[in-house]
Amino acid sequence: MPHEPVPPGGAPAVPLALWVNGESLRSAALTLHELLGERGLDLARGEFACAVNGCFVPRAQWSGQRLADGDCVDIVAPVVGG
């Protein structure tokens with residue numbers, strides 16, 4: 001799926017419609033890394049894993065993982081206890 005051209009300043013002309021952990025939302029994020037920051041997640045600690053459209057994305061690829069309209073992003077964290 002082709003991406004919309006990015007105007008000067010880096011933000012897409014129209015926010016992307018995404019699904020994040022089953023919740024529909026709009027985001028100006030162009031990459032997974034930007035989306036995680038936008039969601040207020042602690043990227044330095046990064047005690048979570050991510051998948052885009054059901055495919056695991058290694059942490060080293062978060063900043064290069066482009067997002068497209070309609071993408072489904074899953075953010076999961078380990079649960080401690082029993």
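The values are calculated or read from the model by the stated rules, or taken from the named source; none is laboratory data. The model shown is predicted, which means the values in this text are computed figures rather than measured ones. Glycine gets a Cβ as well: all are built from the backbone with ideal geometry, and neighbour counts include every protein chain shown.
Details
- Residue check, D69 in a loop (DSSP other than H, G, I, E, B), in contact with a strand residue (DSSP E or B) (Cβ under 6 Å, 6 or more places away or on another chain) and modelled with pLDDT of 95 or more: yes
- Count of segment 12-56 residues which are under 13 Å from R66 (Cα atoms) and of a type in the set (G, A, S): 4
- The set of residues in segment 30-47 that are part of a loop (DSSP other than H, G, I, E, B) and not hydrophobic (A, V, I, L, M, F, W, C) comprises R39, G40, D42, R45, G46, E47.
- Residue in segment 30-51 that is modelled with pLDDT of 95 or more, hydroxyl-bearing (S, T, Y) and touching a Gly at 6+ places or on another chain (Cβ under 8 Å) present: yes
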